[in-house]
Amino acid sequence: MNIFRLAGDMTHLFSVLVLLLKIHTIKSCAGISLKTQELYALVFTTRYLDIFTDFISLYNTVMKLIFLGSSFSIVWYIRRHKIVRRSYDKDQDTFRHYFLVIPCLVLAVFINHKFTFKEVMWTFSLYLEAVAILPQLVLLQRTRNIDNLTGQYVFLLGAYRALYILNWIYRHFTEPHYVHWITWIAGVVQTLLYADFFYYYFQSWKNNEKLQLPA
Amino acid sequence: SSNKDLKDEL
């Protein structure tokens with residue numbers, strides 16, 4: 001465990017807690033894409049299949065349970081909670097899951113480290129995580145403006161994977177044979193996808209104006 | 001295998 005990895009995990013944890021807290025306190029999910037949240041629940045489910053078979057550390061298991069629990073709670077809130085669900089904008093959040101799920105599944109079947117069910121599922125979760133934010137970014141562009149908490153949520157989500165890239169670079173230089181190009185490529189694609197959002201987020205923050213994403 | 005070491009990440 002290095003500082004980049006810990007910072008990345010804490011940033012990731014903070015992003016899901018910010019979102020869960022926002023939905024829980026103001027009982028609203030305005031501006032939040034349910035599609036993205038469902039994709040994240042799928043990412044964690046397919047990524048953590050080994051949660052009960054391979055014990056790595058208490059920290060690892062606890063964090064996996066938190067990510068699984070928070071992502072499914074957020075989906076539950078938006079789908080089932082009698083007050084929160086009213087603020088869900090289903091007419092705007094129309095991105096089709098299968099446009100992302102199917103290509104990632106096909107890619108994972110053909111490009112993976114080992115052709116076993118768990119390994120293909122794990123690789124699928126990497127590819128899917130890289131693109132899971134797209135429905136959320138599309139929704140932000142459609143709704144034209146974005147409240148601070150949602151902006152912070154997306155920013156933290158992007159920052160966590162950028163920190164993981166630093167962690168991979170660090171491990172590459174400190175651990176022998178640490179080569180995982182699939183993880184690296186998926187992680188870089190994911191961070192680049194956020195890059196344009198980062199650009200507009202910083203612009204709005206610097207000019208102290210509401211964030212407007214270009215159409 | 002080296003792949004194991006990556007599974008220690010989240």
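Only the coordinates and a few stated rules stand behind these numbers; no lab work does. It should be emphasised that the depicted structure is a prediction, and the values quoted were computed from it without experimental measurement. Neighbour counts run over all protein chains shown; Cβ positions are idealised from the backbone, glycine included.
Connecting C-alpha atoms closer than 10 Å in a GNM of chain A, tell me which of A:Gly69, A:Gly151, A:Gly31 has the biggest fluctuation. Of A:Gly69, A:Gly151, A:Gly31, the Gaussian network model singles out A:Gly69 as fluctuating most.
Helices that extend 24 Å or more along their long axis by alpha-carbon positions and average at least -0.5 on the Kyte-Doolittle scale are, among the DSSP H runs of chain A, A:3-26, A:58-80, A:148-174, A:181-206. The distance linking the range A:140-169 with the range A:30-71 is 18 Å (Cα centroid to Cα centroid, whole angstrom). Among A:Phe95, A:Phe55, the order by Cβ neighbours within 10 angstrom, fewest to most, reads A:Phe55, A:Phe95.
Of A:Glu209, A:Glu129, the sequence from fewest to most neighbouring Cβ atoms within 10 angstrom is A:Glu209, A:Glu129. Here's the picture: charge each Lys and Arg Cβ at +1 and each Asp and Glu Cβ at -1 in the protein assembly as shown, and of A:Tyr164, A:Ile66, A:Gln37 the one pushed furthest to the positive end of that dipole is A:Gln37. Candidate cross-link partners of A:Lys90 among the aspartates and glutamates, defined by an alpha-carbon separation under 17 Å and a same-chain spacing of 8 or more, comprise A:Glu38. I need the calculated FRET efficiency for the pair A:Phe115 and A:Ala30, taking r as the beta carbon distance and R₀ as 30 Å, to the nearest 0.05. Rounded to the nearest 0.05, the efficiency is 0.10.
Each Lys or Arg adds one and each Asp or Glu subtracts one; over the other residues with Cβ under 14 Å from the Cβ of A:Ala132, this totals +1.
Working from label points 7 Å from Cα in the Cα-to-Cβ sense, the B:Asp8 to A:Arg142 distance is 4.3 nm. Pick from A:Leu156, A:Leu166, A:Leu42: which is most flexible by mean-square fluctuation in a GNM of chain A where alpha carbon atoms under 10 Å apart are linked? Looking only at A:Leu156, A:Leu166, A:Leu42, the largest GNM fluctuation is found for A:Leu166.
What you get for the range A:1-144, charging only the Cβ of Lys and Arg (+1) and of Asp and Glu (-1), is a dipole of about 580 debye around the Cα centre. Simple spin-label estimate for A:Asn208 and A:Val179 gives 5.2 nm between the two label positions (7 Å along the Cα-to-Cβ direction from each Cα).
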